[in-house]
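The values are calculated or read from the model by the stated rules, or taken from the named source; none is laboratory data. It should be emphasised that the depicted structure is a prediction, and the values quoted were computed from it without experimental measurement. We place every Cβ from the backbone using ideal geometry, glycine too, and count neighbours over all the protein chains shown. Note: areas computed on protein heavy atoms with side chains; ligands, DNA, RNA excluded. Shrake-Rupley method; radii C 1.70, N 1.55, O 1.52, S 1.80 Å.
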Amino acid sequence: MNKKILISLGIIAALALYIVFSGRDWSSDIPELGWKDSPDEIRISSQDGSIRLYAKEGKWLINDEAYPADQGAVDNIVDKMKDLEITDLISKQGYLEKYELTPEKRKLVEMKKGGSVFRTVSFGKKGPTGRHTFIAVDDKKDVYLASGVFDGVVNKTVDELRDKTIMKITRDDVSSLSLSRMGRTFVFDKKQVDEPETGGGKETDGKAGKDQKPAKKKTDIWVCRGFEKVAIDRTKIDQILAALDPLKASGFAAPDAKVAGAPVSTVKITAGGKNIDVAIYGKDKDNRHLAKSSESPYVFTMDEWKAKKFFIDSLDGFRKRE
């Protein structure tokens, strides 16, 4: 058989293979993962334990302790799972251990609606490029490659998923602010006074209104009790109120944690007729201050740089500079 015949046969064979495989529906190997209804329960589990997120009365809660969950964190999990995109079928034979998809290695995410599971995804190791993840769907042995990484879904701790907002205030409603530290207390009250005149107001037209004076405008100022003659810089008060609107925890202490001794600093505000307080205590093993608030049942932690915003030792920093 000469060389030309061999080349011709090779071309014919290549064309035959093309015709056979071009007619195959490769997309049938990749399942559709979209869903219509949003979940009302999510369970994330691994060999190290599990976290249960569930919706109740319009809010997401965590585990049996019913810790309020951070809505943004839950939305991120739902969006990542809903938009999960499979790019390739890797194996129909299993080989789960190779891709860290065995029960001992995988991270399992179950999405539920009305008590029924409608999607289960096992997450294994990352792909060679670090931009994909090996997964299995609905407890089947097929291994797929999904676009993206999912650390923000499967590696979150309870502390990271909790809502860290301790309190919110409407700053304009705050009428009093008290800061206590080292035996000294500074109480700032908001008062309304007449705005200083900047030049004579215009007289009204006509004889009847010629001598009528325009009503004076009011403005808010802050006054420190016992130091009424000291002009207070309003921006300094606003900075403290900004740190409280909202006040977010760095983290949370253990459920059975207790605060001991006197607080190192106390903040009290009156807003809209409601009294709110925050007490800051000594540091924990992670060098964060423990704290409690009348707005939360939990002992939380506060980074030192944030706690220092409320450490006031004198009135000098609040004086208005001319």
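Brief remarks follow.
- In the chain, Cα pairs under 8 Å separated by at least six residues give a relative contact order of 13 percent.
- Here is what passes the span test in the chain: the DSSP H helices with alpha carbon length of 18 Å or more along the helix axis and a Kyte-Doolittle mean of -0.5 or above are 3-22.
- Distance between the pseudo-spin-label points of K168 and Q71 (7 Å out from Cα toward the beta carbon): 0.7 nm.
- For the chain, the carbon plus sulfur part of the accessible surface works out to 49%, probe radius 1.4 Å.
- Debye equation applied to the C-alpha atoms of the range 224-314, log10 I(q)/I(0) at 0.19 Å⁻¹: -0.94
- Build a GNM of the chain with springs between Cα atoms under 10 Å apart, and of E100, E32, E295 the one that fluctuates most is E32.
- Sequence-distant residues sharing a close amide H with Y67 (under 5 Å, placed H): I62
- Long pairs among K164/K308; K156/K283; K217/K274; K190/K308; K82/K126; K229/K306, criterion Cα-Cα beyond 21 Å: K156/K283; K217/K274; K190/K308; K229/K306
- Solvent exposure ordering (accessible area, 1.4 Å, most first) of V187, V143: V187, V143
- The chain: most fluctuating residue of K218, K112, K283 per GNM, C-alpha cutoff 10 Å: K218
- Sorted from greatest to least, the principal axis extents spanned by the alpha carbons of the chain come out as 119, 64, 42 Å.
- Annotation: per residue accessible area for the chain equals 63 Å², rounded to a whole number [probe 1.4 Å, protein chains only].
- A straight line joining the Cα centroids of the range 70-143 and the range 259-322 runs 43 Å.
- CD proxy at 222 nm, helix term only [per DSSP H run n ≥ 4: -39500 (n - 2.57); per residue of the chain; nearest 500]: -4500 deg cm²/dmol
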